[in-house]
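The values are calculated or read from the model by the stated rules, or taken from the named source; none is laboratory data. Remember, it's a predicted structure, so these values are computed and weren't measured experimentally. All Cβ positions, glycine included, derive from the backbone under ideal geometry; neighbour counts span all protein chains shown. These accessible areas exclude ligands, DNA and RNA; they are computed on the full protein's heavy atoms, side chains included. Shrake-Rupley method; radii C 1.70, N 1.55, O 1.52, S 1.80 Å.
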2 protein chains.
Amino acid sequence: MPKNREVARANLENLYRIFTVPEAPDSTLGAIDQAISDNLTGFLQTHIVALERNLEEIEADFSAAAIPEDPTFVSEYTEFVKEKLVAQSVHTAAPGFIGHMTSALPYFMLPLSRIMTALNQNLVKVETSKAFTPLERQVLAMLHRLVYRGDDAFYGQWIHNSRHALGAFCSGGTIANVTALWVARNRLFAPAGQFRGIAQEGLGRSLKHLGCEGIAILVSRRGHYSFGKAADLLGIGRDNLVMVDTDANNRIDLNLLKQECRRLREENIRPLALVGIAGTTETGNVDPLEAMADLAAELGCHFHVDAAWGGPTLFSDRHRHLLSGISRADSVTIDAHKQLYVPMGAGMVVFKDPTALSAIEHHAAYILRHGSKDLGSHTLEGSRPGKAMLVHAGLSIIGRKGYELLIDLGIERARTFAGMIRQHPGFELTSEPELNILTYRYCPHAVQQTLAGATAEQCGCINAILDQVNQLLQKYQREAGKTFVSRTRLRAAAYGSREITVLRVVLANPLTTDEILSAVLAEQCEIVQQPEIRSLLQRLETLCAEIDAGFRAAAGCF
Amino acid sequence: MPKNREVARANLENLYRIFTVPEAPDSTLGAIDQAISDNLTGFLQTHIVALERNLEEIEADFSAAAIPEDPTFVSEYTEFVKEKLVAQSVHTAAPGFIGHMTSALPYFMLPLSRIMTALNQNLVKVETSKAFTPLERQVLAMLHRLVYRGDDAFYGQWIHNSRHALGAFCSGGTIANVTALWVARNRLFAPAGQFRGIAQEGLGRSLKHLGCEGIAILVSRRGHYSFGKAADLLGIGRDNLVMVDTDANNRIDLNLLKQECRRLREENIRPLALVGIAGTTETGNVDPLEAMADLAAELGCHFHVDAAWGGPTLFSDRHRHLLSGISRADSVTIDAHKQLYVPMGAGMVVFKDPTALSAIEHHAAYILRHGSKDLGSHTLEGSRPGKAMLVHAGLSIIGRKGYELLIDLGIERARTFAGMIRQHPGFELTSEPELNILTYRYCPHAVQQTLAGATAEQCGCINAILDQVNQLLQKYQREAGKTFVSRTRLRAAAYGSREITVLRVVLANPLTTDEILSAVLAEQCEIVQQPEIRSLLQRLETLCAEIDAGFRAAAGCF
């Protein structure tokens, strides 16, 4: 018994130690911490292994399903993290990693993140966040003002209003989009007379109340997949997420949109919301927001703009006009972990009407009491970290002009890269950059010429081979670990309305230079020399020769 | 022109600097960073001002709604953060801050968080998270095993299965609960014959398909407010969130629950899910999970357990039995930022059936492709940070036995504190601690005696005054900033079924000692001497004297 008690006391002392004794600076973890502080770029370059290991091999290190019985030394665990996790993670900050919406982080984000973690505030209520609550409210007001340009009197009235919030801070754009549509749905089915509103009575009764068969969300085919989730989650159903085809520039086709609205009316389905996109995820295009705002007004429905990516374009005097009409949106999503350069996990939605969020308001006895300034009464999420601090830091330290530079730089670079692709005999630009995203594919000029004159069937055959080429190209490039582009499938009239595989590039990392962009293309030209792709290209050459011969025959060249 | 170009170049160079040049160790930010690394506790104690400033005063520092035009020096901004934000935040890690579910953090969480931030992975897809994906899958498997105790073969089959996920990693318990009920709803309305399922057809048609008027969620009155949000969000309606009254121990009353089920059947409302709570937010009680599992089986409905707080009790050999029946749940929520001691922003839901999450599966062309191991195809959120790493670290470094110690310690401390309260002439225990949460109120023994014999109306009068006393007591204590308890309102048969205001204590910080608990009570006894409370207590004394006189008269003492 006394011996057991001794063991118990020793265990308890060890336990206290992890809560009270810091890591020694010369410990393994202390050393890594220092290395990151001293030279983040160097740390990432040194510790992340470039060459891709097979995922199945990596999984072997993460396959024990039992929670370890006994404690592990921090030093031992840190070795594991270094060798098995950090080494096998993705260098998302690398200037040659231009395939996804990731970037290098400003240095100050790291120590400020540590302050945030150390304070461990919970933004759901003032009692666990105090100054962080007004700070988050200020950040929401700043983004609101960026979009809606209200005056000082407006913000003076609403910024710290205990009954309302100008927006909701979220873990990301998906929750932001869901929140916007949740608000729209609850406002459409607001309490009226005997009807106590959808929040109370549910969707089934609400449909009966309005006497309609269903409600619909309309968005272009380029809409983010979060709208599919929202349609499912909110009980609307994916059938009523109307994905409207786009024009040649990946913008929603207004005629088709109006046609769909007419169809919905005939089917007695009420349009809940039009969604405009300011920076489509795949191609970076901006929908005709003014025209959509007009249509939404005509329909009397909610107008949401998903500016998760493109919102910060508003910082730029030169390019702001691209988003013209955004201030007429009822709600706008902007992600901070994208072009505000904040670490992963920060999105926002702002509402034109400062009372809009009342539609989803909720309270609880121990927190979120009526009249409190607790932000949790207007968010989908409950407990949340103080990430707004990092947005606040970015806006303060980088400033409007700094962000403008970043935006201008990205758009300029995208145009430069588009030029390189256009002039290169091996590639085809498949979407013009409007903001800082573009798509292209490996497709030699000769093949492009053949495609221009080929029948739909012949195009299909050519594109099928090109799809394979580009898919392999992207895969091999990723695996080599030097540079990275992503890939997606796009449908476009120019390609016989069939989907084709394209390479996708996002240019938001200020450290990406023109030289790196040249290197990306050069590497791709090398990769297509690999036997597997080479043989596909030979098949393609033969096919094109046959088709071209057919042209010549038809044109009487023989 | 050349001058403008020079300015532009200088601005650009400054911009590059924030992405490439680390903070100097002797800079303001570098110094804070070092101070936190060297001595977190000291940093928090030194920099957070204890005495509460009025929220309106704090707001003055966060009231500019315009985004600053020009950049600010990091050092200048850091001064602002130190003086205006850190100083005015809440010392959630203080051992005397026992009012909410916050605690001190293990030291290793800070440098590991920095590694996480520096890597800036995005868990939505393997292409931006690589080893973090198997790591998160392992963490989900570990928590799954903690709850469901599957064997090695089971986890070997499912842990890294590309078509499924054993659970979803979320930003917190609210999203976890919503995800669980979303899955339950979509499984109830699964595709069948001509019916293509609710995800596709929406809730309106789904109700018609099953021929029912609505669907309902049943949970006790102690259920977390996230269930209200879920009922609203999922289109169910708060009317059909049936909040069942509890027994004297804050556990769901099974007879009333069954009665509600009968009522629903009569109204042709289908029970979607029973929700059992393992650790109610306000009182830390555990519902009779076995009996609820039986009932759910009988009804053929989903059984969800919200173990956001209490889940880690499963680590304890001594107390695990309190959650008996949890392994029969279809889904279980566990928060990592609560009793797994991970920084804010980490929750999880695990599903007994490893294919359950298919009900909310979604795909996209550029990521989340069919057959990929991308975790984003099974989560409500989209882009997410690599927080699972910190859960992995906790489970590895603290180990099952370490967490067991923490759980045992908390429950023991709660019992000790309950004992102190019971023996103290000034206080009344209003809920017995079952886990490590309890409630009590300031209510002198003499008043308790009067209450015991008083009529419902008299109780009402006494409790109304006591409510004011306790509300002020909590407020003054919070403002003084030495120690902190929270408050809530509880309804209980013992108090004439009216809600009363109680003080709430959560004992999960291992640094909270018995001495601190004594000090909390001592401080409260001092606070009630303040004039405003003193005069309330005098009114109470008079009232009780009158009532007692009435007793004596009735008993023929005069």
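Would chain A count as rounded, prolate or oblate if I go by the C-alpha gyration tensor, calling it rounded below 1.5 in a/c and otherwise prolate when a/b exceeds b/c, oblate otherwise?
The shape class here is oblate.
Around residue A:136, with a cut-off of 10 angstrom between Cβ atoms, what is the net charge of the other residues, counting Lys and Arg +1 and Asp and Glu -1?
+3
Just want to confirm a number: the relative contact order over segment B:230-328, from Cα pairs under 8 angstrom separated by 6+ residues, in percent. Write down the numbers at each step before the final one.
Numbers: 114 pairs, mean separation 22.2, N = 99.
Value for segment B:230-328: 22 percent.
What residue among B:42, A:277, B:159 has its Cα farthest toward the positive end of the dipole of the protein assembly as shown, where the charges are +1 on Lys, Arg and -1 on Asp, Glu, each on the Cβ?
It is A:277.
Given the peptides B:234-245, A:463-474, A:120-131, arrange them by the average over their residues of other C-beta atoms within 10 Å, most packed first.
Ranking, from highest mean packing down: A:120-131, B:234-245, A:463-474.
Give, as a single signed number, the net charge of other residues whose beta carbon lies under 11 Å from the beta carbon of residue B:432, with Lys and Arg counted +1 and Asp and Glu -1.
+1
Could you give each residue of segment A:430-441 its phi-based ³J(HN,Hα) in whole Hz, using Karplus coefficients 6.51, -1.76, 1.60 with θ = phi - 60°, and x for Gly or Pro?
Here the 3J(HN,Hα) series is 9, 8, 5, x, 9, 9, 10, 10, 8, 10, 7, 8 Hz.
Per-residue Cβ counts within 10 Å, from other chains only, averaged over B:89-96: what number is that?
On the way: counts 15, 12, 3, 7, 4, 0, 1, 0.
Per residue, the average neighbour count from other chains is 5.
Along the charge dipole of the protein assembly as shown, pointing to its positive end and built from +1/-1 on Cβ of Lys, Arg, Asp and Glu, which listed residue (B:551, B:296, A:527) has its Cα farthest out?
Farthest towards the positive end: B:296.
Give a residue-ordered list of calculated ³J(HN,Hα) values for segment A:129-136 (Karplus: 6.51 cos²θ - 1.76 cosθ + 1.60, θ = phi - 60°; whole Hz; x for Gly, Pro).
8, 5, 4, 5, 5, x, 4, 5
From the helices alone, meaning DSSP H stretches of at least four residues, give me the mean residue ellipticity at 222 nm for the protein assembly as shown, per-run term -39500 (n - 2.57), in deg cm²/dmol to the nearest 500.
Estimated from H runs of four or more residues: -14500 deg cm²/dmol.
Exceeding 25 Å between C-alpha atoms, which entries from my cross-link table qualify? They are A:82/B:373; B:125/B:208; B:125/B:401; A:229/B:258; A:338/A:401.
Over 25 Å apart, Cα to Cα: B:125/B:208; B:125/B:401; A:229/B:258.
If you take the beta carbon distance between residue B:416 and residue B:456 as r and set R0 to 41 Å, what does 1/(1 + (r/R0)^6) give as a FRET efficiency, to the nearest 0.05?
0.75
Does segment B:278-418 come out rounded, prolate or oblate, given a ≥ b ≥ c as the square roots of the eigenvalues of its C-alpha gyration tensor, rounded meaning a/c under 1.5 and, failing that, prolate meaning a/b above b/c?
Taking the square roots of the gyration eigenvalues as a ≥ b ≥ c, segment B:278-418 is oblate.
Give the ranking of B:387, B:82 by solvent-accessible surface, highest area first, calculated with a 1.4 Å probe.
These residues rank, largest area first, as B:82, B:387.
Mind putting a number on the dipole of segment B:79-225 about its Cα centre? Charges go on the C-beta only, +1 for Lys and Arg and -1 for Asp and Glu, and I need it in Debye to the nearest 20.
I would put it at about 300 debye.
Amide H of residue B:165: which non-local residues (sequence gap of 5 or more, or other chain) have their own amide H closer than 5 Å, using H built in the peptide plane?
So residue B:165 has HN proximity to B:357.
Using modelled backbone amide H atoms (1.01 Å from N, in-plane), which distant-in-sequence or interchain residues come within less than 5 Å of residue B:272's amide H?
B:216, B:217
When DSSP assigns beta bridges and you keep just the ones with both residues in chain A, what percent turn out antiparallel, to the nearest 5?
Percent antiparallel among DSSP bridges in chain A is about 60.
Out of residues 5 or more away from residue A:49 or on other chains, whose amide H comes under 5 Å of its own, with H placed 1.01 Å from N in the peptide plane?
So residue A:49 has HN proximity to A:88, A:89.
Take every DSSP beta bridge whose two residues both sit in segment B:204-357, then give the antiparallel share in percent to the nearest 5.
30
Per residue, how many Å² of accessible area does segment A:511-551 show with a 1.4 Å probe?
I get 50 Å² per residue for this part.
Could you work out, residue by residue across A:158-168, how many beta carbons of other chains sit within 10 Å of that residue's beta carbon, and then give the average as an integer? Kindly include the intermediate steps, with their values, before the conclusion.
Numbers: counts 1, 5, 7, 0, 1, 0, 0, 0, 1, 0, 0.
Other-chain Cβ atoms within 10 Å of each residue's Cβ, averaged: 1.
Could you give, in nm with one decimal, how far residue A:549 is from each other copy of that position, shortest first, with labels 7 Å out from Cα toward Cβ?
11.9
Consider a paramagnetic label point 7 Å from the Cα of residue A:268 along Cα→Cβ; state which residues of segment B:193-221 have an amide N under 14 Å from it.
In segment B:193-221, the label zone of residue A:268 (backbone N under 14 Å from the point 7 Å along Cα→Cβ) covers B:205.
Taking Cα pairs under 8 Å and at least six residues apart, what relative contact order does chain A come out at, in percent?
Relative CO of chain A lands at 17 percent.
Can you tally the net charge around residue B:207? Count Lys and Arg as +1, Asp and Glu as -1, for every other residue whose Cβ sits under 12 Å from the Cβ of residue B:207.
In short, +4.
To check you understand DSSP bridge types, tell me what percent of the beta bridges within the protein assembly as shown (both residues inside) are antiparallel, rounded to 5.
Of all bridge pairs located within the protein assembly as shown, approximately 60 percent are antiparallel.
Other chains' Cβ within 10 Å of A:224-230 residues: what's the mean? Provide the component values of the computation, followed by the final result.
Working: counts 2, 11, 6, 0, 4, 8, 2.
Across the residues of A:224-230, the mean count of other-chain Cβ atoms within 10 Å is 5.
Please list 3J(HN,Hα) in residue order for segment A:387-402, calculated via the Karplus relation 6.51 cos²θ - 1.76 cosθ + 1.60 where θ = phi - 60°; whole Hz, with x for glycine and proline.
Here the 3J(HN,Hα) series is 4, 4, 4, 6, 5, 4, 5, x, 4, 6, 6, 7, x, 4, 5, x Hz.
What nm distance separates the two modelled labels at residue B:163 and residue A:79, each placed 7 Å from Cα along Cα→Cβ?
Each label point lies 7 Å from its Cα, and together they span 4.0 nm.
Given R₀ = 41 Å, FRET efficiency for residue B:553-residue B:464 by Cβ-Cβ distance, to 0.05?
So, using R0 = 41 Å, E works out to roughly 0.95.
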